[in-house]
Amino acid sequence: MKPRERTLRRWFTGMAFLLPNLLGFCAFTLVPLALSFAMAFTDWDIMRHNQFRHEPLHFTGLENFIRLLGDPQFWRDLGNTFYLMLGLPFAMAGSLGAALLLTRVSRRRTAVLPALAATTLVLIASGLGLLWGGMAESGVWFLFGMLAASVLLAGVLTGGTVYRTLFYLPSFTSGVATYVLWKKLYNPHSGPINFGLAPVLDRLTSLVRTSPDAFTYGLPVICAGLAAAVVGWQVRRLRSRWSGSESGLAAMVTGALTLGIPLGLLLSWQGFSMIVAVGVAASGAAVLIVTTLRRPRPWGRARSADAGLGTEFALAMLSLPLLLVLAAGIHVGPALPALAVSGIEPPDWLGSYAWAKPALMMVSLWAAIGSNNMILYLAGLGSISPELYEAADMDGASAGQRFWHITWPQLAPVTFFIGVMGIINGMQGGFEVARTMTAGGPAGATTTLSYYIFSEGFETGRLGYASAIAWVLFALVFAFSLLNFRFGNRDLSD
Amino acid sequence: MTETKGISSKPPGPARGLGLHGLMTLLSLGMVVPFAWMVLTSLKSLAEVGDPAWLPKQALWGNYPEVFSVIPFLRFMANSVVIAGWVTLLQVFTSALAAFSFARLQWPGRDRVFFLYLGTMMLPGLVMLIPNFQLMVRFGLVDSYLGLVRRPPSMPLARFCCGSSCWASRGPSTRRRRSTGPVSGRSSGR
């Protein structure tokens, strides 16, 4: 009687705290959720079923989902979503790098300070004067110099706080504003990106014209060599993990992710040389065979601690886009001399099918490096106890060893959290940026799944079908998150 | 950036410190330059905007006062402030209470409710946008402040962050989470 009463009391206390939130949660999340789940099984069309027209609503069973499987647009948009997510590992690496650099910036003031201050003041004054009066074309370099000097001065004065603020700048500007800004920057005719790119490409054109062989054969060979090195490194790491009798299935998943996804993309990528595809296929198969042969039961879970699998996963994710870039290098090399005949043009970023997605990825990357992820990493770095580093110093550990054996494992929970959130957001994302910059892109090149949901639901008005897509997307995100929680945070306790 | 002396073993010398500052300045410029371009373009005349040159021929500072006469800027600003204010107030109040309930209190069914919350986080906001819109229409909240101050979909995120940091600081006496749980106390690397 007594414990039961206490349990009830505890339940009431907990509920009382939760209640304000739970009310909103029910009203604006759970109820709409149930509604949308129900809608996924109907033919709800906003043109026929609204507050003015009440046509009978039909329960269509699984029809929406069956239609989805045969919808080429759904598969294309799914591919687009994954493509845009390839930037995530770079964004995470960038955030970590920025955080590491920020913690290393000396907080002491240096002796050159007064001199710097004087120069900067003069520069700022003359820069403002330049803006107020008429200005020459060359004034822009002066302006940049002024900007750089003032940033440096402020950085030295504040001991690095200014850099952190500036890195965070894209995050406290509203997303839509930065997207509009980048849309202007990408403009092929008036944007500064192509303006700055034109002389570089002219130089490249003349280089290709003078020595075409270097690009026809040299570039692919270099790229292939680098790709082989990356693949070999991955294979070696995976093999050592495997023979170290760590979790087989996780290594298999990692291997498949590293090599299988680029393989699939390459094979589906029209115009790719067969040799590349076969090469990647062979190396992928080699990893799987090697790893499978090493263990009698590759699907079984190892009993020993699975240390470092998160590391493995992160490295695999990082090498995946790297391999894609290298494959693109192999592809582009032989085509360059033909292009150089008429001069290599800067890309028509948002207007071209091939460049629209990389353009959006670069914007996201730019915004993501100094985002909340960096703040999380900074907090994580701050909470690593200095004793660990002192001990490592006594043992004579190098900077790389200190990073891989102290910093990285200690940051594993943060990395895991950022990775999970990044994957969840990435799979649901791409709507805002595509809506603002490309409206879905040339020929749907930047239409992600969330954008497809929006256009089905609010542009064509097929609410039922849109809900079905949304629930399939949810299932995908859920599956990925389960995989992550299952395999990702195993080495949190390193 | 409170206790960071452990990360770099030796304090960098003046030369290395300055080099680091230079590198950080360069990286910061990468973040600032797009905005600088925006500011410079804002000083251009409409005819000059299509011109790839960075600097306007004549800086038109009058562009800024003009904003207030072309669009009802103050009105838009007030809208943003009102909406943001209410959303923040409600979010912080309810999320803080909920995070406390999830992290520090023990009550039957707590973990299940928490995972229900977590699960909804994985749903695309657009899923809820469609029925939410229908509900707003039904309740006559379309075209009203109240309709916008409704619970935004990012709300569970706020609680998750808050919640997970509270998980991390929970004492050993509370129930240990399995590996499927959020970032758990034992593993926070303290």
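The values are calculated or read from the model by the stated rules, or taken from the named source; none is laboratory data. Predicted model, so just to flag it, every value in this text is computed and none were measured. Virtual Cβ from ideal backbone geometry, glycine too; neighbours counted across all protein chains shown. To get the accessible areas, we keep the full protein, side chains included, count just its heavy atoms, and leave off ligands, DNA and RNA. Shrake-Rupley method; radii C 1.70, N 1.55, O 1.52, S 1.80 Å.
Provide the FRET efficiency to the nearest 0.05 for the A:Arg10-B:Trp61 pair, computing r from the beta carbons and using R0 = 45 Å. Please report the intermediate quantities before stating the final value.
Numbers: r = 64 Å, r/R0 = 1.42.
So the FRET efficiency works out to roughly 0.10.
What average number of partner chain Cβ atoms lie no more than 10 Å from the Cβ of the residues making up A:174-187? Write down the numbers at each step before the final one.
On the way: counts 1, 0, 0, 2, 3, 0, 1, 5, 1, 0, 5, 5, 0, 3.
Rounded to a whole number, the mean comes out at 2.
Through the Karplus equation 6.51 cos²θ - 1.76 cosθ + 1.60, θ set to phi - 60°, convert the phi angles of segment B:58-65 into ³J(HN,Hα) values in whole Hz; use x for Gly and Pro.
3J(HN,Hα) across segment B:58-65, in whole Hz: 9, 5, 9, 5, x, 4, 6, x.
Need one number: buried accessible surface between chains B and A, 1.4 Å probe, both sides summed, DNA, RNA and ligands left out, in Å² to 100.
On the way: alone 14830 and 28190 Å², together 34090 Å².
Buried area between the two chains comes out at roughly 8900 Å².
Under a plain spin-label model, where a point goes 7 Å from the Cα along Cα-to-Cβ, how far apart in nm are B:Asn79 and B:Met38?
About 1.9 nm, to one decimal.
Mind checking the mean number of beta-carbon atoms from other chains within 10 Å of the Cβ atoms in A:22-35?
6
What is the mean number of Cβ atoms from other protein chains located within 10 Å of the Cβ atom of each residue in peptide A:367-375, rounded to a whole number? Walk me through the numbers before you get to the answer.
On the way: counts 1, 0, 3, 4, 0, 1, 0, 0, 0.
Counting other chains' Cβ atoms within 10 Å and averaging over A:367-375 gives 1.
Mind ranking A:7-13, B:108-114 by how tightly packed they are, going by the mean number of other C-beta atoms within 10 angstrom, highest first?
The most tightly packed comes first, giving B:108-114, A:7-13.
Using 7 Å Cα-to-Cβ label points, what is the A:Ala117/A:Ser174 separation (nm, one decimal)?
According to this spin-label approximation, the distance is 3.9 nm.
What list of ³J(HN,Hα) couplings, whole Hz, do you get for segment A:457-466 from phi and the Karplus terms 6.51, -1.76, 1.60, once you set θ to phi - 60° and write x for glycine and proline?
Once θ is set to phi - 60°, the couplings for segment A:457-466 become x, 10, 9, 8, x, 7, 5, x, 5, 4 Hz.
Amide H to amide H under 5 Å from A:Thr42: which residues, 5+ apart in sequence or cross-chain, H placed 1.01 Å off N in plane?
Residues meeting the amide H criterion: A:Thr60.
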